[in-house]
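Reading through the structure tokens given below for one structure.
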Amino acid sequence: MREVDPKTTSRAMSYEYYIDAPMPMVTIFKTMDVTHLVKLTKKGYSFNMLMCWCIARAAQSVPEFYLLPVGKKLMQYDSLGVNVIIKNKRGELSTCDIPFCGDLDEFARTYSELTERCRENCENYELPDHMIVGTSALVHYDLDGVANFYSGIFNNPFLIWGKYRCRWLKAELKLSFQFHHVQMDGEQACRFLENLQECMNR
């Protein structure tokens with residue numbers, strides 16, 4: 001992780017326009033075909049783990065994901081990770097950063113080990129040297145999306161979804177993707193969502 005001069009990046013204009021915006025976040029709603037992921041759960045994979053792996057895999061091919069505004073600085077990262085929110089053994093929420101790995105089985109083992117550690121010790125696990133994509137899975141609830149959750153502290157891209165819906169032989173999942181306009185524009189965000197669908201189909 002290192003600070004870069006926004007003027008030397010492709011985000012120069014967006015930095016100038018949006019770094020001081022009171023609400024710099026943009027939210028896109030998308031219905032995804034998760035039929036293949038649902039089939040993989042029958043092989044023992046966790047659906048949410050698969051979602052996280054696909055999200056990180058889709059993000060790695062979009063260069064803008066490696067840049068993130070932190071305060072007034074623009075930071076560049078070499079590695080990506082994905083954050084999950086889990087209910088720990090005290091019934092409270094803990095957050096856990098999972099480093100991305102291209103090997104699905106290795107990522108699944110890391111996901112299981114780290115989330116279980118957070119669940120048991122009730123402490124957050126953070127990867128400060130990774131650009132983290134946030135997620136929140138409300139799998140027991142039928143949602144159409146969540147718009148513009150912005151704390152003013154975290155500028156990370158964030159995806160939220162509820163439970164998937166089965167229609168005939170197809171499973172669909174509605175999700176919302178929010179991002180900071182300094183980090184990326186709508187074109188890059190839509191490219192990421194297209195990449196995400198391709199990852200889900202493989």
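Each value in this text was obtained by applying a stated rule to the coordinates, not by laboratory testing. This one's a predicted model, so the numbers in the text were calculated from it and none came from an experiment. Here Cβ is always computed from backbone atoms with ideal geometry, including for glycine, and neighbour counts include all displayed protein chains.
What the table below lists for this structure:
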item: Spatially proximal aspartates and glutamates relative to K174 (Cα-Cα < 17 Å; intrachain offsets below 8 disregarded); result: D33, D142, D144, E194, E198
item: Farthest toward positive dipole pole in segment 132-193 [+1 Lys/Arg, -1 Asp/Glu at C-beta], among F154, W168, V182; result: W168
item: Stokes-Einstein diffusion coefficient of segment 1-158, Kirkwood radius over Cα pairs, 37 °C, 0.692 mPa s, in µm²/s; result: 192 µm²/s
item: Interchain or long-range residues, amide H under 5 Å from L143's placed H; result: G162, K163
item: Surrounding net charge for T95, when Lys and Arg each add one and Asp and Glu each subtract one, Cβ distance under 13 Å; result: -1
item: R0 of 35 Å, Cβ-Cβ distance S79-R165: FRET efficiency to nearest 0.05; result: 0.55
item: Charged-residue dipole, Cβ positions (Lys, Arg, Asp, Glu), segment 1-63 about Cα centre, Debye nearest 20; result: 520 debye
item: Distance from segment 119-196 to segment 21-65 (C-alpha centre basis), Å; result: 7 Å
item: Inter-label distance for N124 and R2, nm, one decimal - labels placed 7 Å from Cα along Cα-to-Cβ; result: 2.7 nm
item: Coil-residue trypsin sites (Lys or Arg not before Pro) of segment 13-72, DSSP, other Cβ within 10 Å capped at 13; result: K42, K43, K72
item: V70-M13 FRET efficiency (beta carbon distance; Förster radius 22 Å; 0.05 resolution); result: 0.70
item: Flagged links, alpha-carbon separation over 29 Å, of K7/K30; K39/K87; K30/K87; result: K7/K30
